[in-house]
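Let me begin by presenting the structure, written as structure tokens, before commenting on it.
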Amino acid sequence: KGLAALLDRAMAYQERLGSDYHSFPHDDAYEAWESVKKFRGLDPEIEIFATQRQRWMDSENAALLALEAAQAKDSAGQRDQAIGEYRKVPEASLAYPAAREAMGRLCQEGFASCLAGVDKALARGGWDEALQALERSLTYAQDDADRAEVQRRRDAIQGDRREEADFQAARTAYLAGKYDQAKLELEKVATTSKFRAQADAMLLDMRRREA
């Protein structure tokens, strides 16, 4: 075959690869460019171009393998492993849109699961457990809005934890009859605190006892 025919064949394969890479025979396209490179008296620029096309196919093949590995982990319910595999797919790859969509879905699920874990831990009074779940959620955060939500929750948890510590210190002093110390601790309990009603009741009782 003449060079023109070989180039036409290789370029035809290339166009089909660009539109349907996953289902089109890669080996046929690769071999078409190899035939171009073997043409006697080939212009060096054409040889470079053919080599670049083959390297592109090698890269796409690697990306496709990474996508398939990720999809296998995804199907098996191995969320973290699947995300790790999806992240191996280069952004420039034709496989990247599929990887990005799947990774976004998994990250969204993981983020929501971690936040649900935070709420469950808080319901049990597990401050450390809640903060740990919150930190884990950052591995699934996809944007600034997610990270801002994590920071908002972290601030709230740490604030509630301090308020509980202040209230418990006041309660301990109150039960021990150390009213002056109890009053000092109760001053730290904010008016918006969930412990405020109990704090007010404690203050009222101390005033009655001191009257």
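The values are calculated or read from the model by the stated rules, or taken from the named source; none is laboratory data. This structure is a prediction, so every number in the text was calculated from the model and none was measured. With ideal geometry, Cβ positions are generated from the backbone for all residues, glycine too; neighbour counts draw on all protein chains shown. The area values use the complete protein model at the heavy-atom level, side chains included, leaving out ligands, DNA and RNA. Shrake-Rupley method; radii C 1.70, N 1.55, O 1.52, S 1.80 Å.
Quick notes on this structure:
- The chain - charge dipole about Cα centre, Lys and Arg +1 at Cβ, Asp and Glu -1, debye rounded to 20: 840 debye
- Straightening the chain between L175 and A116 buys 17.6 nm, computed as 0.36 nm per residue apart minus the Cα-Cα spacing.
- Available extension along the chain between Q142 and R196 is 15.7 nm, counting 0.36 nm per residue and deducting the alpha carbon span.
- Cα→Cβ-extended label distance, 7 Å offset, between D28 and A156, nm: 5.8 nm
- Restricting the stretch 50-110 to GluC sites (Glu not before Pro) in coil, as DSSP defines it, with at most 10 other Cβ within 10 Å: E91
- Relative to the 2.2 N^0.38 Å rule of thumb, the stretch 78-175 has a C-alpha radius of gyration ratio of 1.45.
- Kyte-Doolittle mean at least 0.0 and Cα axial length at least 30 Å: DSSP H helices in the chain: 96-123
- Considering only alpha-carbon pairs that sit under 8 angstrom and 6 or more positions apart, the relative contact order computed for the stretch 62-211 is 12 percent.
- Accessible surface computed residue by residue for the chain, with neighbouring protein chains in place and a 1.4 Å probe, gives 61 Å² per residue.
- Each of A32, I48, S75 was scored by the projection of its Cα onto the charge dipole of the chain, and the greatest displacement toward the positive side belongs to S75; charges sit on the C-beta of Lys, Arg, Asp and Glu.
- Lysine pair count for the chain with Cα-Cα distance under 20 Å and sequence separation of 8 or more or different chains is 6.
- Carbon and sulfur %, accessible surface of the chain computed with the full protein complex present, 1.4 Å: 49 percent
- With R₀ fixed at 22 Å, the C-beta to C-beta distance from Q14 to R100 puts the FRET efficiency at about 0.35.
- Over all directions, the projected convex hull of the C-alpha atoms in the chain averages 17.0 nm² in area.
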